[in-house]
Amino acid sequence: MIAGLLGGLEGHDSPSVADCFIHVAVIYQDQGKYKEALEMHTKALKNKTHIYGGDSHLDVAQTRENMAYIHYKQGHYDQALEIYKSVLEAMIRVCGEDSLGVAKSLSGIGNVLGDMGKRGACSPPKGS
């Protein structure tokens, strides 16, 4: 029902439309409807990528991070890890190494690796 209501918004590229898709995605996510949540995030990502001209924008990286989290919640660890790593690269590029976005991406990577049983991969490098 909700997706049908938003169907008329597709093709209207604006941050507000993308935010509508994200809000609906969060509702679906809270209901455990991960497939629907990913569909809404994908629509938001398409919108934001078009608005901002690629993935070198904070909003695009955050949307991708939301998608990684959904994959993580579903136990799709390889997909989640791949997305989190690319989001980390984008966050470093967009926000700098000492940003909250980088810390959040590293936390997501650590959670995935931990649940995969690769806790040693989460350790900081020696000398840090």
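Worth pointing out:
- The one condition from (1) assigned by TED's automatic domain parsing to the domain that holds Ala80; (2) farther than 15 Å from Ser86 by Cβ; (3) of a type outside the set (Phe, Trp, Tyr) that Val60 does not meet is (2).
- Boolean, Ala44 is closer than 19 Å to Ser14 by Cα, crowded, with 16+ Cβ neighbours inside 10 Å, assigned by TED's automatic domain parsing to the domain that holds Pro15 and out of contact with any His (no Cβ under 7 Å at 6 or more places or on another chain): yes
- Yes/no for Asp55 being in contact with a His (Cβ under 6 Å, 6 or more places away or on another chain) and at pLDDT below 90: no
- Selection status of Val60, in a helix (DSSP H, G or I), modelled with pLDDT of 85 or more and under 16 Å from the mean Cα position of the chain (by Cα): yes
- Of all the listed residues (Ile109, Ile51), the sole one being more than 22 Å from Val24 (Cα to Cα) and part of a helix (DSSP H, G or I) is Ile109.
- Remark: pairs (first residue in region 30-43, in contact (Cβ under 8 Å) with a residue 12 or more places away in the chain; second residue among the small types (Gly, Ala, Ser); Cβ separation under 6 Å; 6+ apart in sequence or on different chains) = Ala37/Ala25; Met40/Ala25; His41/Ala25.
The values are calculated or read from the model by the stated rules, or taken from the named source; none is laboratory data. In this text the structure is predicted, and so the values were computed from the model without any measurement. When we count neighbours, we look across all protein chains shown, and the Cβ atoms used for this are built from the backbone with ideal geometry, even at glycine.
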